[in-house]
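Below is one structure; the comments refer to it alone.
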Amino acid sequence: MGAVEKPQCFVFFALAWFGDKGTSMGKLRAVIAGTGFGARVQAPGFQALPDYDLAAICSARPERAEAAARQLGIPQWYTDYGKMLAEIKPEVVSIVTPPSLHAPMTLAACEAGAHVMCEKPLAMNVAEARQMLELAERLKRVHAIDYEFRFLPARRYQKALVDEGFVGEVRMLEATVFMTARADPQREWNWWADAAQGGGMLGAIASHYIDTFLWLSRSEVVAVSAMLSTFITERPFGGERRTVTADDSCALLLRFANGAQGVIHMSAVAAQPVNRLSVFGSQ
């Protein structure tokens, strides 16, 4: 992410997402479900915004919820998500949990009167995503998926150049992201390695680039071919070995309605890192 810290990038996203509603309504009570990315990135982001009051954080693991609250100065912590919604009565809920929890948590937050920002991948399947969207729209909740990478300065400059016609007609989009983050086979098994919980490279990282391709091309995908791979098939968990069921690498070919083509190639288990996002056009 270069010189831009992830919390700063998240701040840009939150400002664009919610605009100046905090100023007109007073401070907005916000809560976070999740103590991984939610604690490392989103909590400092919310705390940097003067129009938000980060009131609570929630995790299924009490030790993590309490530690995050103490370290970040968050007033309340919970292990019961429903109880947090009932007691805090937040205006804004940010859901940063394993994807299998996104739909039930989003639905509960909307029903409780909150606006919702949800991490990607949005849901486990199309049916869940439609249910989430339909309820949010019916109840008139502000709703968004946290594609914060749109707000990286380099990415926004790239978008500005494309929009002003710098490359002419967009013809080809290419992204190669090889990461070493999970290359160590001794890295412990967690939900990221479990397809049943929505883990894997396609949802975690490739979803960002699918969004970016839609954004840059200003078109929709009409055809796709994909290959998912799992190169490290077992990981340690406690004193045992667990099977990795989620993809740690993926490759996608995309065709867009405007005739452009896209290639996305990603891995979390590469021996050397590569990070490239390119747009080619008629000029």
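Under 10 Å from the Cβ of residue 277, count the other residues' Cβ atoms, weight Lys and Arg +1, Asp and Glu -1, and hand me the total. Value of the local net charge: +1. For the pair residue 61 and residue 220, a Förster radius of 35 Å applied to the C-beta separation gives a FRET efficiency near 0.30, rounded to the nearest 0.05. When all protein chains stay in place and ligands, DNA and RNA are ignored, the 1.4 Å accessible-area order of 51, 211, largest first, is 51, 211. Roughly what % of DSSP beta bridges within the chain run antiparallel, to the nearest 5? Just about 50 percent of them are antiparallel.
Charging the Cβ of each Asp and Glu at -1 and of each Lys and Arg at +1, and nothing else, the dipole of the stretch 66-180 about its Cα centre rounds to 100 debye.
Over the chain, accessible surface divided per residue gives 49 Å², non-protein components excluded, 1.4 Å probe.
Other residues lying with their Cβ under 13 Å from the Cβ of residue 65 contribute a combined charge of +1, Lys and Arg counting +1, Asp and Glu -1. Converting phi to 3J(HN,Hα) with the Karplus coefficients 6.51, -1.76 and 1.60 and the offset θ = phi - 60°, the stretch 142-148 yields 5, 8, 7, 9, 7, 8, 6 Hz in sequence order, with x at every glycine or proline. Kindly point out which whole DSSP H helices in the chain project their C-alpha atoms 30 angstrom or further along the helix axis while averaging a Kyte-Doolittle hydropathy of -0.5 or above. Helices passing the filter in the chain: none found. Give the shape of the stretch 121-218 as rounded, prolate or oblate, defined through the alpha-carbon gyration tensor: a ≥ b ≥ c are the square roots of its eigenvalues, a/c under 1.5 means rounded, and otherwise the shape is prolate if a/b is larger than b/c and oblate if not. Here the stretch 121-218 falls in the oblate category. Largest first, the residues 227, 84 sort by 1.4 Å accessible area into 227, 84.
Label positions at residue 237 and residue 137, each projected 7 Å from the Cα along the C-beta direction, are separated by 3.7 nm.
Only DSSP H runs of four or more residues enter the estimate; each adds -39500 (n - 2.57), and after division by the residues of the chain the mean residue ellipticity at 222 nm equals -9000 deg cm²/dmol. Split the accessible area of the chain by element, probe 1.4 Å, and carbon with sulfur accounts for 54%. The count of lysine pairs in the chain whose Cα atoms are under 28 Å apart, excluding pairs fewer than 8 places apart on the same chain, comes to 20.
The values are calculated or read from the model by the stated rules, or taken from the named source; none is laboratory data. Model, not experiment: these values are computed from the prediction. Using ideal geometry, Cβ is built from the backbone for each residue, glycine included, and neighbour counts are taken over all protein chains shown. The protein model used for the area step is the full one, side chains on, heavy atoms only, and it has no ligands, DNA or RNA in it. Shrake-Rupley method; radii C 1.70, N 1.55, O 1.52, S 1.80 Å.
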